[in-house]
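Since every read-out is calculated from the coordinates, none of them should be taken as a lab result. Keep in mind that this is a model prediction, so the values were computed, not measured. Please note: Cβ atoms are built from the backbone with ideal geometry, for glycine as well, and neighbour counts cover all protein chains shown.
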Amino acid sequence: MSSPVPARAWFALHVAVFLFGSAGLFAKGLSLSAEALVFWRTAIAALALALWLRWRPEAGRFRALSLLAGPLLAIHWLSFFVAIQVSSVAIGLMGYASYPLFATVLAALGGERPRRADWGCAIAVTAGLLVLVPHWRLGDSTLVGLAWGVLSGFSFALLAALNRRVSRGCGPVRLAMAQNAVAAFCLMPFVDGVLPGTVVSWLWLLALGVVWTALAHTLFIACLRHVPPQTAAVVAALEPVYGIALAAWLFAELPGLREWIGGALIIGVTVWTTVRRPAGG
C-alpha cells in the first residue's frame, strides 16, 4: 500500500493548480501571440530558477531524460494559450480538463489494469467534450479551441508521467529550470524580434514567468514525488473552476449552457474518480 500523502504536498499541489488555472488569463490580457507568450514565460522562468539555484544549490543527480520534458512543456503551454486565444478561457480550460482521461490511459499502458468504472469515466469525459461543440464544421472557433485544449491536456499527461519518473533523486527547482530553458529554446525560432511594447506588459510577463511559471512548475514537480499522477489529475480538474471564475470576473466572459453541462460532466467525473480511489493513490 502506498504511503499517505504529506499535507505539504497537498498544499503545494493546490497552489500549483490555482496558478496554472489562472495563467490562461494572460492570453487574454496581454497582446502577444501564443508563441511569444510561452517563449517569454519559459525564458523568464528559467532565468529566475537559475538565479535561485545559485543562491540555494540543490543536491541530487540530474537525469538527461528530464530534458525530453522541455518540448512537451512548450507544446502544452503553446496549445493551451492558442486554445484560449482562438475561442475562450472556458473552452481552452475544458479542453485541457481532458488531461485525467489521458492520465488514466497512460497508466493503463504502463501496466495498471483499467476497471470498467475507469472506462465509464472516460466515456463521460468524452461526452462532456462533445457537448461543448455547438457546430461540427471546420473553422468553428469552439471546435478549433477545444482541439487545441485537448492537445494541451494530452501533452500535460505525458509531461506529468515523465516528471514523476525523473523527479526522484533530482531537485525540483533544477528540473523545472532545465525544462523551461529547453522549452524556451524550442520556441526561440518563432519569436525573433517579438518584444512587449510597454513597461506594464513587461511587469505582467515577469509575474507570469516568476510566479505563474517558475513557482507553479517547481511546486507541481515537487508534489509529484508524493502524489500519484492520477490523483494529481483530479486536483488539476479544479483548474477550469479557478480560470473560468476569474475570466467571468475580469473579462465578463460568462460560460453558456453548453459550457456548464460539458464542464459538469468533465469536472464531476474527474472528481468522482479521485474520491473512489483507495487512499494513498
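Annotations
- In Hz, Karplus ³J(HN,Hα) per residue of segment 34-47 (6.51, -1.76, 1.60; θ = phi - 60°; x = Gly, Pro): 4, 4, 5, 4, 6, 4, 5, 4, 6, 5, 5, 4, 4, 5
- Ascending count of other beta-carbon atoms within 10 Å, so fewest first, for HIS217, HIS14: HIS14, HIS217
- Counting 0.36 nm for each residue step from GLU58 to PHE190 and taking away their Cα separation leaves a gain of 44.3 nm.
- 3J(HN,Hα) along segment 212-223, derived from phi through the Karplus expression 6.51 cos²θ - 1.76 cosθ + 1.60 where θ = phi - 60°, amounts to 6, 10, 4, 5, 4, 5, 5, 4, 5, 4, 5, 6 Hz, with x in place of Gly and Pro.
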